Amino acid sequence: MGTGGKRGAHARPTSAVRLRIERLTREVAKFGAVGGAGLLVNLITFNLVRHTTDLQVVRASVIATVVAIVSNYIGFRYFTYRDRDKSGRTKELTLFVLFSAVGLVIENGILFAATYGLGFDSPLASNVFKFVGIGIATLFRFWSYRTWVFRVAPAHDPVTDAESFLENPSPYLKEEDSPTQGFRQVQRVR
């Protein structure tokens, strides 16, 4: 009998805790990928606005954050949380904007405090404190988005679905697989 490194019939099933950890790890990785792209969009936009206009630091930062929020929504909805409930898009978008606005206040509040409270106004200091603000706001956003915005789709009751299938299988079958009108089930007698 083969005793190679393959998991066979005697392998233990994966525990529920391990499955949750693996699922959370994948979610964090996807969130990080979208967030990393959003970070680049945010910092590039911030520096472009800051160096090409006469806007103050925090105003340039708010514009950059808004641009990043728009790009992040697209990434989160269609990549990170594409398998989540899509039934209430208006509510989802409203909550996303609300929690993103709180993240914007966290992110830019730190930059504001560093620039106007502590006097760090050099381009390097502005980028460092913007980066720190983004990091702290990201923790809040991850929690709020996964908890309130991109909710897990409600599970269907398999027993109810199975019973409804047995009562009327037509909606669940392709047209070519549906039984015809005159079809009669033949039962084999032993």
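The values are calculated or read from the model by the stated rules, or taken from the named source; none is laboratory data. As the structure is a prediction and not an experimental result, all values here were calculated from the model. For neighbour counting, all protein chains shown are included, and Cβ atoms are generated from backbone atoms with ideal geometry for every residue, glycine included. Note: accessible area is taken over every heavy atom of the protein model, side chains too, but ligands, DNA and RNA are not part of it. Shrake-Rupley method; radii C 1.70, N 1.55, O 1.52, S 1.80 Å.
One table, with the values for the structure above:
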quantity: Pairwise FRET efficiency - Val102 versus Gln56, Cβ, R0 = 35 Å, nearest 0.05; calculated: 0.95
quantity: Formal net charge of residues neighbouring Arg50 (Cβ-Cβ distance under 12 Å; K, R +1; D, E -1); calculated: 0
quantity: Extreme residue, positive dipole direction of segment 45-108, given options Val67, Val57, Thr90 (C-beta unit charges); calculated: Thr90
quantity: Solvent-accessible area of Leu93 with every protein chain in place, 1.4 Å probe, in Å² to the nearest 10; calculated: 80
quantity: Relative contact order (percent, whole number), segment 52-140, Cα cutoff 8 Å, 6+ residue spacing; calculated: 32
quantity: Inter-part distance where segment 15-32 and segment 77-96 are each reduced to a Cα centre, Å; calculated: 19
